[in-house]
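Written below as structure tokens is the structure these notes are about.
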Amino acid sequence: MAVVKEQDVVPFRNRVREYAVKIKMGLVNQTKLITAASELVRNMLRYANGGKIRIEIVTKGRDNGIRLTFADTGPGISNIDLAMKDGYSTGKSLGLGLPGAKRLVNEFNIQTETGKGTTVTIIKWSNG
């Protein structure tokens, strides 16, 4: 799913909710997943003029989850350690985007290359 403008955010969030409901994820975990997804999609729009997001249902043993992969071809993140600190922001925001999103999900992975882009993958398990 491509997200290239602010108007793409609501349909994206609705799609994430549909997947979460499909695997019977509880409301609290749905809210955490959608909040994290919202932070990441807004970062993608703000810093990379959008990108592509893949939404997948994943399984581990008896547990189901949602994996979201956010991929952009923006400027990349020059210092991931700094970007993952609470309060750090290059965009005059509160600086809670990446570390906040990480706290809301079970698995968080970020790959970035300056000048090439960033890919963030998150997983929220229905029981976690």
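Only the coordinates and a few stated rules stand behind these numbers; no lab work does. As the structure is a computational prediction, the values presented were derived from the model and not from experiment. Here Cβ is always computed from backbone atoms with ideal geometry, including for glycine, and neighbour counts include all displayed protein chains.
With no solvent and one point per C-alpha, what does the Debye sum give as log10 I(q)/I(0) for the chain at q = 0.14 Å⁻¹?
Here the Debye-derived log intensity ratios amount to -0.57.
Treating the angle as unsigned and between 0 and 90°, give the value, to the nearest 10°, between the Cα long axis of helix 9-22 and the longest Cα principal axis of the chain.
30 degrees
For residue 85, give me every one of the lysines with a C-alpha distance below 29 angstrom, ignoring sequence neighbours fewer than eight places off in its own chain.
5, 32, 52, 102, 116, 124
Between residue 10 and residue 107, take the C-beta separation as r, use R0 = 25 Å, and let me know the FRET efficiency to the nearest 0.05.
With a Förster radius of 25 Å, E is 0.50.
Suppose every K and R has +1 on its Cβ and every D and E has -1 on its Cβ; what is the size of the dipole of the chain about the Cα centre, in Debye to the nearest 20?
On the way: 20 positive and 11 negative charges, 71 e Å.
The dipole magnitude comes to about 340 debye.
Along the charge dipole of the stretch 1-92, Cβ charges K/R +1 and D/E -1, which of 65, 47, 10 sits furthest on the positive end?
Going by the Cα projections, it comes out as 65.
Between residue 52 and residue 85, what is 0.36 nm times their sequence separation minus the Cα-Cα distance? Round to one decimal in nm.
9.4 nm
Suppose only helical runs count, i.e. DSSP H with n ≥ 4. What mean residue ellipticity at 222 nm does that imply for the chain under -39500 (n - 2.57) per run, divided by all residues and rounded to the nearest 500 deg cm²/dmol?
Using -39500 (n - 2.57) per qualifying helix, the result is -11500 deg cm²/dmol.
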